[in-house]
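The values are calculated or read from the model by the stated rules, or taken from the named source; none is laboratory data. The shown structure was predicted, so the numbers you read here are calculated from the model rather than taken from an experiment. We place every Cβ from the backbone using ideal geometry, glycine too, and count neighbours over all the protein chains shown.
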Amino acid sequence: MRHWGIRCAASARETIAVESEQALEARAADRLILFSDAVVAIAITLLALDLPVPDGRNVSEFWRSVREHDDHYLAFLVSFVVIAASWGKHALWLPMEMCSKKMY
């Protein structure tokens, strides 16, 4: 009877070890996702900091100011789309990659 109790205790310890390992892997994946989200947010913020602020006392002066800097706004838009598309692909790829690693 005592021998069976030792086996149950060992089995319980193994189960706890496996569960805690899975929890650590899940936390690591969450941390990686949060880190990549933060990097993307910082990159987009740095892009926006360099944008010229349009000025004008009325609507026509405002739009003239915008047209003067349209190359800056276009570059920001293209960069934003590239970063957002890369982030979107990464956000879709990472959970699938983590899931496939759990299968092996």
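Pull up segment 28-62, narrow it to residues that are free of Cβ contacts under 8 Å to residues at least 60 places away in the same chain and among the β-branched types (Val, Ile, Thr), then point me to the one that is farthest from Ser86 (Cα to Cα). Among them, the one singled out is Val59.
Quick check on my filter: what residues within segment 59-90 are of a type in the set (Phe, Trp, Tyr) and touching a Ser or Thr at 6+ places or on another chain (Cβ under 9 Å)?
Across segment 59-90, the qualifying residue is only Trp87.
Could you tell me whether Val53 is surrounded by 11 or more Cβ atoms within 10 Å (Cβ to Cβ) and either at pLDDT below 80 or under 35 Å from the mean Cα position of the chain (by Cα) (or both)? So Val53 does not fit the description; no.
The residues in segment 56-84 that are surrounded by 10 or more Cβ atoms within 10 Å (Cβ to Cβ) and not in a helix (DSSP H, G or I) can be counted, and the count is 2.
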